[in-house]
Amino acid sequence: MREKIQVRSADGTQLSADRRGSGPPLLLVHGIAGDASRWIVSRRLGEHFTLYALDRRGRGASGDGDAYAIAREVEDVAAFVDAIGGDVFLLGHSFGGLLALEAAARTRVAKLLVYEPYAPPAPASEPSAVTQSFAAMLGDPEALLERFLRDIVQMTDADVARLRASSAWPARVAAASTIPREMAGVEQHRTAFEGLAQRATPVRFLLGERSPAFLREATARLHGQLPGSDVVELPGQAHVAMDAAPDLFEREVRAFFLGT
């Protein structure tokens, strides 16, 4: 059975997550251009975990703030971890992985799994020309989304076709308006998860063998900043193994969190 769980973040924004399954709690944090429905693999994972699939702010059943900042999103993830309580497992994908890293540095997480989080080597003073060109496409959300998937995520034709045919596509289109603000936010953001190493939280990075070079570089760099973390490469996969190879993805999730 699936139900909606609501939590209020530090700035008063009402957040929502889908809860399903049974077992130890696992909070799922999606990346750019999605909502809780992007976790199609949750039906499999729900056999092993009590899943909380978060709708990040500005999409799905969650509210939004007056002004956007990555710091508020980090507070959102931390608020949900605190509300669940106990030994929470945390899994973040892409942009959601960056949020998960920073949230885990400020609240108690039993284990943290991040799949290709992205952060630039240094923050920029203003959004890039590419990001500004995405902002100019806000009037055509479907075209904006498809360009993001093809040009930034570098998804193949088969990956895009699979996503278009999935039940998650309408929610992806509905969330497309948040793409430029999150691209600009991450470009100008200074990552801050220094306290995570002191917490001795087990951290693992997932890395697609065929993922774009900028994501592979960022994963290696962030892993290097976190002593004690490790990296597992997903053979033959790119940035969306949970969709393209759900059996492999589920095995890696269970292996890290449950040792099975």
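Derivation of every value follows stated rules applied to the coordinates shown; laboratory data play no part. Everything quoted here is computed from the prediction, not taken from an experiment. Here the Cβ is made from the backbone with ideal geometry for all residues, glycine too, and neighbour counts use every protein chain on show.
Can you put M242, M137, M1, M183 in order, fewest other beta carbons within 10 Å first? Write down the numbers at each step before the final one.
Working: M242 27, M137 17, M1 7, M183 23.
Lowest count first: M1, M137, M183, M242.
Taking the DSSP beta bridges with both ends in the chain, the antiparallel portion is around 35 percent.
Along the chain, the exposed loop sites are trypsin sites (Lys or Arg not before Pro) outside DSSP states H, G, I, E and B with at most 16 other Cβ atoms within 10 Å, and the longest stretch free of them is 3-107. Modelled label positions at D157 and R216, each set 7 Å beyond Cα in the direction of Cβ, lie 2.4 nm from each other.
Relative contact order for region 181-260: what is it in percent, counting Cα pairs under 8 Å that are at least 6 residues apart?
28 percent
Percent relative contact order of the chain, based on C-alpha pairs within less than 8 angstrom and at least six residues apart?
On the way: 516 pairs, mean separation 50.4, N = 260.
About 19 percent, as a whole number.
The computed Kirkwood radius over Cα pairs in Å for the structure shown corresponds, within [x] 19.0; [y] 18.2; [z] 20.0, to [y].
Please identify which residues in region 61-102 have an amide N closer than 20 Å to a label point set 7 Å out from the Cα of R108, following the Cα→Cβ vector. Taking a point 7 Å out along Cα→Cβ of R108, the residues of region 61-102 whose backbone N falls under 20 Å are 75-91, 100-102.
In deg cm²/dmol and to the nearest 500, what is the mean residue ellipticity at 222 nm of the chain if only DSSP H runs of at least 4 residues count, each as -39500 (n - 2.57), divided by the residue total? If you can, show how the numbers build up before the last one.
On the way: 12 runs with 99 residues, N = 260.
Calculated at 222 nm, the ellipticity per residue is -10500 deg cm²/dmol.
Which GluC sites (Glu not before Pro) in region 105-200 pass both tests, a DSSP loop state and at most 14 other beta-carbon atoms within 10 Å? It would help to have the intermediate numbers written out before the result.
Working: sites: E142, E146, E182, E187, E194; in loops: E194.
Qualifying residues, ordered by number: E194.
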